[in-house]
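Readers should treat all values here as calculations from the given coordinates under stated rules, not as data from a laboratory. Remember, it's a predicted structure, so these values are computed and weren't measured experimentally. No Cβ is skipped: glycine too gets one built from the backbone with ideal geometry, and neighbour counts run over all protein chains shown.
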Amino acid sequence: MEAGSALGPTPLRGFKDFYQYASTTRVIAGRDLLSSTGFEFQKEGARRVFVVTDEVIRGTGLVDRIEAGVTDGGLEVAGVYDQVPQDSSAQVCDDCAAAAKEAGADSFLAIGGGSVMDTAKVADAVFTHGGDARDQEGFYLMPREDDGMGRPLDIAPLACIPTTAGTGSEVSMAAVIKIPDENVKIEIADFPLFPRLAILDPDTTRTLPPQIAAATGMDAMTHAIEGYVSTDWSAHQDARSLHALRMIRDNLERAVERGEEDEEARGNMLIAANLAITIALGSVHAMSHPAGAHFGVPHGVANAIHLPHVIRHNAAGSEEIADRYRDIGEIFDIAEPEIGDALATHVTELVGRLGLPTRLSQAGVPEDGIPALVEGAMGDGTTLLNPREMSEEDYAELYRAAL
Ligand SMILES: [Fe+2]
């Protein structure tokens, strides 16, 4: 196996010079877990729980049932913030933190999709450390003991109950939020943002509309594929990515088509999304973040559109990269030598069967929006982790191909 040199590309196999891996969230998965939310969250130090959610989820009655589970365990619900929008912003996080302070809360419980969970994470950081959401931006920049050299300081206990099977935010140390005035999404990642508890119960996705189940499922699939080919790969994440892909292969279409009647598929998709999440991503996410920031394309839809184009482009970069995609192809019974094309076609067909758009123009992106998207993708942190080095021309070409 070739070793990478300081100047050469990062090897995608062999023994790495360095990686670190952490996954510190206690996950409980199974049936009928919502009534034990309080019992479980108490073990993480929560007493006065501040619930973060959105109006749609609250309208389904799910929040009421979980609140009953909180109080059944002897905890109090200090307050509920249900104003999280589809793409949360720094302002929303600040408002949420202020509301939690006002309510005298000591812990956060997020009930929702990625936007709700990311809002709760950032609001919790602001609630605990002060400042505002914007101040939290960056990787590994949260306050630490010993003048920043020691252990990161904990934030207030956070539990997450995802209501979509996709983002994996319930077990990740990252959050993405929008700065609307600047049309950018900022990323915040550090160990304290790992929620202390994640509860995976298919009851939470029972009434999920098929369109959202499809889009969020494609987000999970993108995490698994990008995580596996990322320059920031690790053996730990490889194991998770590949098994997530097997579970997505077996459950995603079932969960979307049969929805309410297929608890097993919905439960397995919650677990698959949980396994797939990583902060080691690549150019699909780099392209999707600005598509969301500028044109409001939902994150999972943007990933579903961009994924095949990035696969094709990356796989043509080197045999070593193509080999990583071959490992993924095996799971889907794809053994063609032109793995980039074959896997990309497979993904496009899947996206079509799921009823999602396959082109950016169908998702409201105009052709003259491409320069702004290219700029956003080049500036996105995940670009640096893509296995093939990306230029502005490359991104412009991929966006045009996806239009
Ligand atoms: Fe994602």
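Odds and ends about this structure:
- Loop chymotrypsin sites (Phe, Trp or Tyr not before Pro), region 109-141, which have at most 15 other Cβ atoms in a 10 Å radius of their Cβ (DSSP): TYR140
- C-alpha long axis of helix 210-229 to longest principal axis of the chain, angle in °: 60
- Share, in percent, of DSSP beta bridges within region 102-249 that are antiparallel, nearest 5: 45
- Gaussian network model of the chain, springs between alpha carbon atoms under 10 Å - residue of LEU356, LEU62, LEU158 with greatest fluctuation: LEU62
- Given their separation in residues at 0.36 nm each and the Cα-Cα distance between them, GLU76 and THR207 gain 44.4 nm when the chain is fully extended.
- For region 45-102, convex hull of alpha carbons as volume per residue, Å³: 78
- Seen from all directions on average, region 243-288 presents a Cα convex hull projection of 3.7 nm².
- Under the simplified labelling scheme, the GLU349-GLU375 pair shows an inter-label distance of 4.0 nm, with each label point 7 Å from Cα along Cα→Cβ.
- Label-reachable residues, region 25-47, where backbone N falls under 18 Å from a point 7 Å from GLU264's Cα toward its Cβ: 30-32
- Residue list for region 221-239, given a label point 7 angstrom along the Cα-to-Cβ vector of TYR140 and an amide N cut-off under 16 Å: 232-234
- Separation of region 285-306 and region 34-55, taken as the distance between their Cα centroids, equals 31 angstrom.
- Isotropic mean projected area of the C-alpha convex hull, region 249-376 (nm²): 8.6
- Its relative contact order, with pairs defined as Cα atoms under 8 Å and 6+ residues apart, puts the chain at 15 percent.
- Amide H within-cut-off set for ARG26, under 5 Å, with H built and near neighbours excluded: LEU197, ALA198
- By the rule of a C-alpha distance below 16 Å, with chain neighbours fewer than 8 residues away ignored, the aspartates and glutamates paired with LYS185 are ASP87, ASP94, ASP118, ASP132, ASP135, GLU137, GLU375, ASP380.
- Restricting region 79-175 to GluC sites (Glu not before Pro) in coil, as DSSP defines it, with at most 13 other Cβ within 10 Å: GLU145
- Compactness of region 358-403, expressed as Rg and Dmax over alpha-carbon positions, Å: 10.8, 29
- Inverse mean reciprocal Cα-Cα distance (Kirkwood Rh) of region 262-306, Å: 11.8
- Pairwise centroid distance, computed over Cα atoms, of region 68-135 with region 351-379, Å: 31
- Of all lysines in the structure, the ones whose alpha carbon falls short of 30 Å from that of LYS43, not counting any fewer than 8 places away in one chain, are LYS101, LYS121.
- Qualifying chymotrypsin sites (Phe, Trp or Tyr not before Pro) for region 23-64 [loop in DSSP, other Cβ within 10 Å: at most 13]: none
- The stretch between ARG400 and ILE28 holds 129.6 nm of extra length on full extension. This uses 0.36 nm per residue minus the Cα-Cα distance.
- Whether region 136-188 is rounded, prolate or oblate, judged on the alpha carbon gyration tensor where a/c under 1.5 counts as rounded: oblate
- Residue separation of ALA68 and GLU319 scaled by 0.36 nm, minus their Cα-Cα distance, works out to 84.9 nm of gained length.
- The chain: angle of helix 283-295 to the longest principal axis, Cα-based, in degrees nearest 10: 60
- Value of Rg to Rh for region 31-151 (Rh from inverse mean 1/r over Cα pairs, i.e. Kirkwood): 1.00
- Principal axis box of region 327-388, alpha-carbon based, largest edge first, Å: 38, 30, 16
- Placing +1 on the Cβ of every Lys and Arg and -1 on the Cβ of every Asp and Glu, with no other charges, gives the chain a dipole of roughly 660 debye about its Cα centre.
- Per residue Cα convex hull volume in Å³ - calculated over region 115-203: 95
- Two-decimal Rg to Rh for region 206-315 - Kirkwood Rh, Cα set: 0.98
- Cα convex hull volume per residue for region 285-352 (Å³): 79
- Calculated Rg and Dmax of the chain using C-alpha coordinates, Å: 20.3, 60
- With each label modelled as a point 7 angstrom along the Cα→C-beta vector, the ASP368-PHE191 pair spans 5.0 nm.
- For region 156-244, the Kirkwood radius over C-alpha pairs fed into Stokes-Einstein at 25 °C and 0.890 mPa s yields D = 167 µm² per second.
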